[in-house]
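J.: Shown below is the structure under consideration.
The values are calculated or read from the model by the stated rules, or taken from the named source; none is laboratory data. These figures come from a predicted structure and were not determined experimentally. Note that we place each Cβ from the backbone using ideal geometry, even for glycine, and neighbour counts take in every protein chain shown. Remember, those area values only see protein heavy atoms, side chains included, never the ligands or the DNA or RNA. Shrake-Rupley method; radii C 1.70, N 1.55, O 1.52, S 1.80 Å.
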Amino acid sequence: MFLSVFDMFKVGVGPSSSHTIGPMVAGARFLDHLRQQPFKVAGLRVTLHGSLAFTGVGHATDRASILGLAGFLTPHLSAQQAEPFEEPPIQYSATEAKDRATALNAAHQARANAIRSLPAKKRLQWLLDEFKVPAESQLFVFSKTSLQRDLITPETPRVLYFSDEVYVGWAPTGSFEVTVFDPQLGAMFYVLDAHETAAILLHRDTGARNLSRARLAAQLGDEFV
């Protein structure tokens, strides 16, 4: 009996057949299953368990799952490099946001420098008031998932304030981070940097989208990971 090496090893995206190819194929099959249903799906959630949860980011399981659900299934595709959110119809980075932070920028463009010059605690209170985020929602987070993770220590924890629609994060020696939700694009990330001089107060940070917590934007709890 002739046995080819391709009978033993599957050709596909890496780095893992079980943790990358497997979730991508499963996602694609689930997509096919949904297309055959008589009802319309408004959204879905992917939950990883076991080793998929513990080592998934390193194996690109998160990206592979989304790629499969997005209909991408090809051995020539690299799950580690692909960003399905940048493909049509979403085109995350290239699409203009229509969220509350964009509206805030437009309303306070003339006062941007004056707001940046406020003491840090007054800047924080201004953000909370503008976004209607209660100060009582305050949480201290010691994890390293922030854009400013190098500034976060047990002595200088990251502070989070949140409502149903907005997250405000602050590393006491750094900038303010704001997460809002766009009806088309999902989670949008902004930074208020006191050292900026541009007319735009809150700068959109598309680089934050590359964090694993951002790829599943519908899961609000990811901000606390």
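J.: Quick check: anything in segment 38-50 more than 21 Å from residue 88 (Cα to Cα) and among the aliphatic types (A, V, I, L, M)?
T.: Yes, segment 38-50 contains a residue that is more than 21 Å from residue 88 (Cα to Cα) and among the aliphatic types (A, V, I, L, M).
J.: Surrounded by 15 or more Cβ atoms within 10 Å (Cβ to Cβ) and at pLDDT 80 or above: does that describe residue 30?
T.: So residue 30 passes the test.
J.: Run down 177, 165, 155 and say which single residue is open to solvent by less than 60 Å² (accessible area, probe 1.4 Å) and charged (D, E, K, R).
T.: Answer to the check: 177.
J.: Evaluate segment 105-124: report whether one residue or more is within 17 Å of residue 205 (Cα to Cα) and under 23 Å from the mean Cα position of the chain (by Cα).
T.: Yes, segment 105-124 contains a residue that is within 17 Å of residue 205 (Cα to Cα) and under 23 Å from the mean Cα position of the chain (by Cα).
J.: Sticking with this one: Tell me whether segment 130-138 contains one or more residues that are open to solvent by 30 Å² or more (accessible area, probe 1.4 Å), without any contact (Cβ under 8 Å) to a residue 12 or more places away in the chain and closer than 18 Å to residue 205 by Cβ.
T.: The answer is no; no qualifying residue exists.
J.: If you don't mind, another one. Condition test on residue 14, is it farther than 30 Å from residue 165 by Cα and at pLDDT 85 or above?
T.: no
J.: Could you look through segment 138-186, keep only residues that are farther than 16 Å from residue 121 by Cα and among the basic types (Lys, Arg), and pick out the one that is modelled with the lowest pLDDT?
T.: 144
J.: Tell me which residues, restricted to segment 33-43, are open to solvent by less than 90 Å² (accessible area, probe 1.4 Å) and aliphatic (A, V, I, L, M).
T.: 34, 41, listed by residue number.
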